[in-house]
Structure formats: structure tokens, C-alpha cells
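The values are calculated or read from the model by the stated rules, or taken from the named source; none is laboratory data. All values derive from a computational prediction rather than experimental measurement. Cβ placement follows ideal geometry from the backbone for every residue including glycine, while neighbour counts extend to all protein chains displayed.
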Amino acid sequence: MTRDPRYDILFEPLKIGPKTAPNRFYQVPHCNGMGRVYPNAMVGMRGMKAQGGWGIVCTEQCDFYASGDASPYAETNMWDKGDEVYLGRMCEEVHKYGSLAGIELVHNGHDTPNLYSREVPIGPMHRPMNWSMAPIQARAMDKQDIRDYRRAHRQAAIRARDIGFDLVIVYAGHDGTVPSHFLAKRHNQRTDEYGGSLENRLRLFRELLEEAKDAVGHDVAVTARFAVDEMMGPDGLEWHAEGREAVEMLAEIPDLWDVNVADWDNDSKTSRFAPEGYQEEYVAFVKQVTTKPVSTVGRYTSPDAMISAIKRGIVDLIGAARPSIADPFLPNKVEEGRLEDIRECIGCNVCVGWTQMTAPARCTQNPTFSEEWRKDWHPESLPPAEADGHVLIVGSGPSGLEAARAVGLRGYQVTLAEAEDELGGRVTRESKLPGLSAWARVRDYRVGQIQKMTNVEIYRASRLSAEQVLELGADHIAIATGATWRRDGYGRNLTSPVPGSDAGHVLTPDDILNGSRPSGKNVLIFDDDHYYMASVMAELLASEGYEVSLATPMPTIATFMTHTLEHGANQDRLLESGVALLPNAALEAIESGKARLFDDILGRTVERDADAVLMVTSRTPNDGLYHEVQQALEAASDTSVQTLSRIGDCQAPGIIATSVYEGHRFARDLGKTVDPVDVPFRRERIAIEQAAGGAG
């Protein structure tokens, strides 16, 4: 297969200062939870992007100054020569495939906790830092501080050039860097030449760009990464006002403009709250005021949307973080005319969530992400089966579909049995909820891949008993029958059934997804799950005319969504839908027409009208078939079955990303002897310095 000529423009080289990008695919800087903490994993992940065809591959933010220590977040840093080793290895891996390597130099200013370095945070003003709510305050930078900061930035640019980087990115965005703090009126009330007018507040950013250009501009491209709109109205930068003026003032200084909106919650909106290419309306002006190349992001997954953005004069480069995680080989697939093989990002921000928890990131669509070095997993290839075998997979949810796809690629004969008429399990059901339609891509990609395989057979409407499972004569059996929401209230905070939870007007998300609806007008949703389900259920029922209240024992609604950057948008959506929000409220009892809640703020029990109560607390594995097959195998004197496994929610209920990962892991481990006591991955090792005077 060859590239469709419509997409030729995506593969045109692009001159960026002294460098030339081989194509228009730009993996912008993005966090990943590996960085300096798990450097081999970070290098393996970045190298995979280059192998997959991304013309420019960048680091995450790289702290270049000890007073800008982002710990405990696992970013890269470049404080001294010791950091050159792993950053140099990244450059080598990226260059191996003909791509350019970029580094984003960052100091998080007054938001930097400096938990490891213990240096005093610095910024334009004396003020407390916000990130961890720790009792730490930043010091206002005096003129010497500014000179030292500029000198450190210049030295970092030179070191980046010497390491082998092709692009140095000067970062003033997302309300999270020293230049962006100086630029923001709300953070900068200085009265010297670095405060007051836009020109003064922009002075530091200009100096950093000009000094980087002077230091390395003949050898390395210098990029301005800049948020043109802070989505705050006149309280912040607006693209049609100071955002535009700032770009106009600096228009010809950088070699590339990498523009977006701020803060991170707005820049990385999930598919529930923003469509593909949603930033275009804010950044479209940039190419009108500069002759330099321009890039932006917007969760571009469609090659047609990409070429449209270029042909309409919005950008010259297609920037991507999340789509490059979901499919590191997206560019190569466009090049090879294999658009149907692209694993499109679903915009769930699970990648961000794990990074925010300072752990290696993961991806719902790409189970190999973060495992490139750790487990030697390649996103496009699996080892062939070492022996012939027949694999039976029961259940076609996200785990079952991924297991069938990956096992089929290995060359096994696969039978996939699904009890329902429709494939996809929870993905199919949940993708019909408000804002979650993109999640159907998890099903669609895998079904599309499976349908190409002659060695995978699918049987729909085939609910199997243990006896029927064994009659099929498979060598390997995987049970992927999912999980069921509990209706008794058991969850994170409540560890015993709620009195009255056995009443007929108590429902679960499964009931709603199956088409049941509350009989009365007033619905109380009790959320002890703290992710998306209670919120989308509330939005759905409110849209159907119910009076909905959402109660949770936590101080805030859908707490986990703070990690996925959805918390603010989610709360706004619920309030717009007319949902009454009841934080700090634990469900005590359910009675006819009402529910009793303990209000932790008031310190007393309150009553709410509730014709129905919807429990969103925890799930129980549907593992009955697994245990029945297990017992049958133990009783059998002669069987062909070599292995029996339970995977996905059937093993332990989790998010969809976990189910996909466990299905993939099952396929990778099939045919191997796996000792559950052994560490199942390669570990990063910290070298211990020799004690002075030798070992004692």
C-alpha cells in the first residue's frame, strides 16, 4: 500500500531555522511520568515515536535550574553534566530514525515546590506557591536573580546543543513557567522594567529567546512555546488582545511558534468537553503576524483534519501529544496508506492522570505505552507463537477484544465468544453516555483489526456454560466476562450495606445502561467511585427531565478528575445541567421517598427527597464462569486445556485502560512460563557512588 496523494503535504520537509524537519508531524513536549526517575523507559518511549515517523520528538519539560525542581513529578532535568547521559541517549534514539530531537527548558517559577532541592522558589512577586498547597512561599526575583536565571537558561541552551538536541524550546505557557508568570498581570505587579506594560512584562521572554538565539541559533532551532489565550477573559491573556500583541512584538525572533491555550486543563481538554482541533479559533491569527512556521495542538487524530489545518493556513506543523501516545506509528500508517490501522486517541486523559500521580503514564488505546523498554513491548509487533494452539476467549469487552487481536497477531487459532449480539462489552454501553462517543474507538479499532484475520472466529449471542467451554477443546482459555456494579453501597468509604439498599427503587449504572429508568422525579446519585460514571449518569438523567442530586463523601465531586484535568469542566457541566451537588455527604440509609445523608460539614444527618437512589460505588467481578471451569478442570481426568486465565474486569474491576492492558498482557505471556513471584519487568537501577576511601 502507498500513501494517498492527498496527504503528501504532511510529508513535505519544513525548514525551521538552521534545521529541517523531515515531515509535518511534531510530537510536542509532553509529560509521561518517567523522565529522570525512569530514564531508560523515557528514552525507549521517545525512540518509539521517532521509529513511528514523528519528524520532531521532544522531551517533557526539562528543569534546568535547581530552584526549579519539579519533584515529585518525574520530569527530565539538566542541572549539570550528570544529566547529559540519558538526554544524550534520547537524542541518539531519535536521530537513529532521522527525526529531530527537541528539549523544552522550563523553570516553574513560583509554583515550584523544590521538595528535593530545598531551594527557595522564585518568581515575579513574593507569594505562596500553589501546586502542592505546601507551606512554602516564593521570593520575588531581584535584578541579580533575573540575571542569574537568564544565565542559567543560556547555559542550558548551550548544553542542549552540545548534547545533540536540534530544537531548544523556550516555554511561556500554561501559567506554569517564570516567563508566563512575568507576563500575567495577576502575578506581576512589579514597578520596574519587568512590570507594568505588556512590553515590560514580555521583556524576560524576549530576553530568553534572543539570548538562546545568540548562543545556539546558528546550530539549533529556537522555538517559542506560548499560550495565546488563558481562557479567563480580561483577567488573563486573550488571543484578540494581549495574546496577539505579544506574538506581534516577538514575531520574527523564534524559528518556530508552538502556540496553544492555557492552562493545562484547557490545553488538554478531554473528548467529553472539546472536539478535535478545538484550539484553532484561538491560534488562527498567528500565521497572519509572523513569517515563521507555526504549530498547534488539538488532539488531531484524523489525517484529513491535519491537512485541512495546514491548507487553511492555521499551521505548518501538526502538534500532538496524546495522539502520539495512542499511536506512535500514526505518521508511518498515513505514509503507508493504512489509515484504518491508526489507533485513534479517545481523549480520555488517562495518560495525564497517571502522570499527575507521578507514575509512568498509560494509555487506553495503546497498552504498550511506557512498556517499550520495561517489557520490550513494541506497539506494532508481537512475537510469533512458539507452538500451534487454540485459544478460547469468552467475552468481547475491551480486555477480550485486545486479547483476541494480540493473540491472533501471534498466529494462534482464536475463538471469541460473546454472550450478546453486539461486541464491545462496557465500551459499547458506556460510549452511548453523554460525551463518551469517542470511547467507541477502543472497540472499533480492535474489531477492525480482528476482521482482517482468518485465524480469529467470532461467535455473537453465544453465552457459554462451563461444560460448553470445555467441549470446544481449546488449549488455552481466557475468561473476560466483565464486572457488575454493586447496589448495596459498598465502596471506598462505606464498607457495609446501606440500610434500605435492597429496595426496588435502588438502581445501578448497569440498570440505566440496560434501559431502566427511575419511576419518580427525584433521583439521588451516591458516588463513592469518584471518577466519571456518577457525573455522566447525572448529566444523562438531568437531560431526560429528572431532578438529580449527586452526593459524595469526598470534599469535591469526581475527585479523580482532578488528575485527568476534567474536574472544573465536569463541575460546570453538572451545574449547567441543574444537578445539585452534595459534597461531604455519606449515604446512611434509604427509605421510601427519601434518603438520609450524613453531612460532614454540618456534623449531622440531613434528609433528601429521593424517589430513586442510584448507587455508583464499586463493582464485583463476573467470575462465576471462571470458577466453574476451574472446578470442572480439577475434576476432569483428561483434558486438552493447558492454561485457564481470567482477564480484565473479570479479574479485578478497573478502568478501560487496565482492561486493555491485561488483555494485551495475557497475549504476550501466552506460551511462556511466568512465575508470579518474579518481577515481571525490567527495573531501573540507581548507581550508588563509591564511599570515599573505597568500600568499607
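Summary table
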item	result
Residue in the range 669-690 that is within 30 Å of residue 587 (Cα to Cα), free of Cβ contacts under 8 Å to residues at least 40 places away in the same chain and either touching a helix residue (DSSP H, G or I) at 6+ places or on another chain (Cβ under 6 Å) or outside any strand (DSSP E or B) (or both) present	no
Meets criteria (crowded, with 19+ Cβ neighbours inside 10 Å and not polar (S, T, N, Q)) for residue 198	no
Conditions (1) at pLDDT below 95; (2) closer than 25 Å to residue 6 by Cα; number of the one not met by residue 238	(2)
Qualifying helices (runs of 4 or more DSSP H) (wholly inside the range 278-382; at least 1 residues being among the aromatic types (Phe, Trp, Tyr), within 18 Å of residue 659 (Cα to Cα) and in contact with a Gly (Cβ under 7 Å, 6 or more places away or on another chain))	350-356
Residue in the range 88-97 that is in contact (Cβ under 8 Å) with a residue 60 or more places away in the chain and either outside any helix (DSSP H, G or I) or among the aliphatic types (A, V, I, L, M) (or both) present	no
When residues of the range 554-564 are limited to those that are buried (at least 22 other Cβ atoms within 10 Å of the Cβ) and in contact with an Asp or Glu (Cβ under 9 Å, 6 or more places away or on another chain), the one nearest to residue 268 (Cα to Cα)	558
Any hit, the range 418-429, residues being free of Cβ contacts under 8 Å to residues at least 60 places away in the same chain and under 17 Å from residue 658 (Cβ atoms)	yes
Helices (runs of 4 or more DSSP H) fully within the range 424-520 counting 1 or more residues that are over 30 Å from residue 391 (Cβ atoms)	509-513
The range 89-137, residues that are surrounded by 24 or more Cβ atoms within 10 Å (Cβ to Cβ), small (Gly, Ala, Ser) and within 21 Å of residue 358 (Cβ to Cβ)	109
Residue 3, sole failed condition from (1) in contact with a strand residue (DSSP E or B) (Cβ under 9 Å, 6 or more places away or on another chain); (2) touching a residue at least 60 places away in the same chain (Cβ under 8 Å); (3) over 21 Å from residue 683 (Cα atoms)	(1)
Residue among 608, 619 that is touching a residue at least 24 places away in the same chain (Cβ under 8 Å) and either out of contact with any strand residue (DSSP E or B) (no Cβ under 9 Å at 6 or more places or on another chain) or closer than 30 Å to residue 477 by Cα (or both)	619
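One line per residue, one yes/no per condition, for (1) crowded, with 24+ Cβ neighbours inside 10 Å; (2) under 17 Å from residue 123 (Cβ atoms):
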site: 172; (1), (2): yes, yes
site: 225; (1), (2): yes, no
site: 228; (1), (2): yes, no
site: 232; (1), (2): no, no
